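The values are calculated or read from the model by the stated rules, or taken from the named source; none is laboratory data. Note that the coordinates shown come from a computational prediction; the quantities given were computed from them, not determined experimentally. Glycine also receives a Cβ, built like all others from the backbone with ideal geometry; neighbour counts cover every protein chain displayed. Heads up: the accessible areas ignore ligands, DNA and RNA and are worked out on the full protein's heavy atoms, side chains in. Shrake-Rupley method; radii C 1.70, N 1.55, O 1.52, S 1.80 Å.
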Amino acid sequence: MFDYEQVRIQRGARSGFPIIAAIHSTALGPAIGGCRLWRYPDWRDGLTDALRLAKGMTLKNAAAKLAHGGGKTVIALPPGAVLDDAARRDVLLDVGEVVESFAGQYATGPDVGTSTEDMGVIGEVTKQVFCRPEPLGGSGDPAAYTAAGVRAAIDAVCRLLDTPGSGTGGTGGTGGTVRGRTVTVIGLGHVGAHLARDLARDGAQLLVTDIDESRRVVAAEIGATWCEPGAALTAEADLLVPAALGGQLTAEVVPALRCRAIVGPANNQLADDGVARLLHERGIRWVPDYLASAGGVTYAVARELHGAGLDEARHQVLGIGAVTEELLRTADRLGTDPHQAALGRVREQLAAAASS
């Protein structure tokens, strides 16, 4: 815990539930990180989650070149707890007070179990919140901008795939674009559906899947081929886009993959960090998920915390493409995988900030 700048554990004055807020680093700027509402066997499991996620946000923000450090809030509900509307409002107001107590050094947004509407409630207590509903002056649902950031990273990868000696397998494409490329999208939730529609519009040949059979409607709408969930991960494709649950890329799966690159918004795609090295050894380009998925937070923070206009915020989201290309070229130059290259760059950024 002593690797963290601040950790606060507070029993909500209204709700009585444990609220845990962790700031891992403010070396690059005030910390940002979402508010997770989850049920845990013990509140200390929530503390473990908050610490892990806050550290991950430092990496994500630095990798995306945001002027922010990493933090996280966890509302640790006991097993079986059910919140009615009044209890939910109480716990969110409690969160707002905890966030406000950091005096501008930490701002929160939505995460697992919370929504843009919840951020509106937190915003009644503190200004240090993002992704509030648009009618309340916020930036609204970040899904479209998360998808836009992933798309920018995909375009960067396509440019690199067209350079000599890049990747293995696949069907090729046209001039560094997705047109004519085979793309497998795993997960047609809010972000995945946005992304699939965008890729289809620009001429990608899509293979899509979701554990929810009702998502077949999206596949039919965009002219995509539906694939059973168990077969999608190892289907032959130029690009694999994980947009559902994390942890699907394991040491056992890597030898069976038949793609040239992996770029998607799913969090924690690798079962462990060693999988990045295995992908590198197979010549499969992997864009770290913490970079590819940074579009939503980039947009929301630009709009709500920094007062950027719509065009400027969009420009920052699309900048994920240039950051992705730079990272992959650095990894190539160093002969290492993109995760290790990103970690090295983040260490340099944090060291430079600490010495300035």
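Where the only charges are on Cβ atoms (+1 Lys, Arg; -1 Asp, Glu), what is the dipole of the chain about its Cα centre, to the nearest 20 debye?
The dipole of the chain has a size of about 560 debye.
Compactness ratio of the range 201-356: Cα Rg over 2.2 N^0.38 Å, N = residue count?
Relative to the rule-of-thumb radius for its length, the range 201-356 sits at 1.17.
Between the range 90-165 and the range 293-356, how many Å separate their Cα centres?
Between the Cα centres of the range 90-165 and the range 293-356 lies a distance of 16 Å.
For the range 121-128, what does the Karplus curve 6.51 cos²θ - 1.76 cosθ + 1.60, with θ = phi - 60°, yield as ³J(HN,Hα) per residue in whole Hz, taken in order and with x for Gly and Pro?
5, 4, x, 6, 10, 9, 8, 8
Using the C-alpha atoms of the chain, what convex hull volume per residue, in cubic angstrom, is computed?
Values: hull volume 51.1 nm³, N = 356.
Hull volume normalised by residue count: 143 Å³.
Tell me the carbon and sulfur percent of the accessible area for the chain, rounded to whole percent, probe radius 1.4 Å.
Details: 7830 of 14950 Å².
Ligands and nucleic acids excluded, carbon and sulfur reach 52 percent.
For a test of the definition: using alpha carbon positions, the gyration tensor, and the 1.5 limit on a/c, classify the range 190-263 as rounded, prolate or oblate.
prolate
Restricting to bridges with both residues inside the chain, how much of the DSSP beta-bridge set is antiparallel, in percent to the nearest 5?
Around 30 percent antiparallel, to the nearest 5.
For the chain, return all DSSP H helices satisfying: extent of Cα atoms along own axis at least 20 Å; mean Kyte-Doolittle hydropathy at least 1.0.
On the way: long enough: 43-63 (30 Å, -0.29); 85-100 (22 Å, 0.07); 143-161 (27 Å, 1.09); 320-334 (21 Å, 0.16); 338-355 (26 Å, -0.16).
For the chain, where a helix must reach 20 Å along its axis and average at least 1.0, the hits are 143-161.
Where in the range 258-279 is the amide nitrogen less than 15 Å from a point lying 7 Å along the Cα-to-Cβ axis of Ala251?
270-279
Using only Cα atoms, what is the ratio of the radius of gyration of the range 301-356 to 2.2 N^0.38 Å?
1.42
Mind telling me which of Arg277, Arg151, Arg260 comes out most flexible in a GNM of the chain, alpha-carbon contacts under 10 Å?
Arg277
Which whole-Hz couplings ³J(HN,Hα) result when phi for each residue of the range 232-248 is put into the Karplus expression 6.51 cos²θ - 1.76 cosθ + 1.60, θ = phi - 60°, listed in order with x for Gly and Pro?
The phi angles translate into 5, 4, 10, 5, 6, 6, 6, 10, 10, 10, x, 9, 10, 6, x, x, 7 Hz.
Could you do me a favour and compute the accessible area per residue for the chain, 1.4 Å probe, result in Å²?
42 Å²
May I have the pair-distance distribution P(r) for the range 1-55, computed from all Cα-Cα distances with 10 Å bins from 0 and rounded to whole percent?
Answer for the range 1-55: a P(r) of 23, 54, 21, 2 percent.
Please list, in chain and number order, the residues 5+ apart from Trp286 or on another chain whose amide H is under 5 Å from its amide H, with Hs placed from the backbone.
Long-range HN contacts for Trp286: Ile262.
Under 5 Å between amide hydrogens, which residues at least 5 positions from Ala204 or on another chain qualify, with H placed 1.01 Å from N in the peptide plane?
Gly180
Using each residue's phi in the range 255-265, evaluate 6.51 cos²θ - 1.76 cosθ + 1.60 at θ = phi - 60° and report the 3J(HN,Hα) Karplus result to the nearest Hz, with x for Gly and Pro.
Per-residue couplings from phi come out as x, 8, 5, 10, 10, 9, 7, 10, 9, x, x Hz.
Counting only residues 5 or more places away or on other chains, whose amide H sits under 5 Å from the amide H of Ser115 once H atoms are built in the peptide plane?
Under 5 Å from the amide H of Ser115 lies no amide H from a residue far enough along the sequence or on another chain.
Summing -39500 (n - 2.57) over the DSSP H runs of n ≥ 4 in the chain and dividing by its residue number, what mean residue ellipticity at 222 nm do you reach, to the nearest 500 deg cm²/dmol?
One gets -13000 deg cm²/dmol as the mean residue ellipticity at 222 nm.
What span do the alpha-carbon atoms of the range 65-223 cover on each of the three principal axes, reported in whole Å from largest to smallest?
Principal extents (largest minus smallest coordinate, Cα): 54, 38, 32 Å.
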